[in-house]
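Please treat every number below as a calculation from the coordinates, not as lab data. Model, not experiment: these values are computed from the prediction. A quick note on method: Cβ atoms are made from the backbone with ideal geometry, for glycine too, and the neighbour counts reach across all protein chains shown.
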Amino acid sequence: MGTQKIEIGDIFEVPTAIGNAYIQYMAEVDQTTLIRLLPGVYHEPVDLEKLAQQKERYICFVPLGIALRRKYIRKVGFSEVKKFKVPKYFKTVETVCGVFKGWVIVNNHTLERKLVKKPTKKQQK
């Protein structure tokens, strides 16, 4: 069984307990795939081109190739990626023993990390 080739712009269906979610492959950064989670959860077929034109809910790194090989997701379409710029900063929650400590702001280029209790408006984007 061969591996499926994935390309920037590919759209994947992600089955969840409440319906199907959709993600789109946006870029590769240091051998890691960056995706965007498209809005909504669906029980019926969806117009993927129209969905891909909408604002995403999240942008994050995902081991897309592994998820595809393990059949956690399936490729269902493609929409050309236009004018996408990989964000310079990402944020993640910092917890210790289940206790919220703040947000870690990570510079995607230098991997410098900064812990903040409350992100500024600029950091929230």
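Annotations for the structure displayed:
- Test item: Cα-centred dipole of the chain, Lys/Arg +1 and Asp/Glu -1 on Cβ, debye: 680
- Segment LYS82-GLU94, extension gain: residue separation times 0.36 nm, minus the distance between their alpha carbons: 1.0 nm
- Lysine-lysine proximity count for region 15-91, Cα under 18 Å, sequence distance 8 or more or distinct chains: 6
- What the Cβ-Cβ distance of THR120 and ALA17 gives, at R0 = 41 Å and to the nearest 0.05, is a FRET efficiency of 0.70.
- Distance between modelled label sites at THR110 and ALA27, nm, 7 Å Cα→Cβ extension: 1.8
- Comparing Cα centroids, region 50-118 and region 14-37 end up 9 angstrom apart.
- Gyration tensor verdict on region 1-92 (Cα atoms; rounded if a/c is under 1.5, prolate if a/b is larger than b/c, oblate otherwise): rounded
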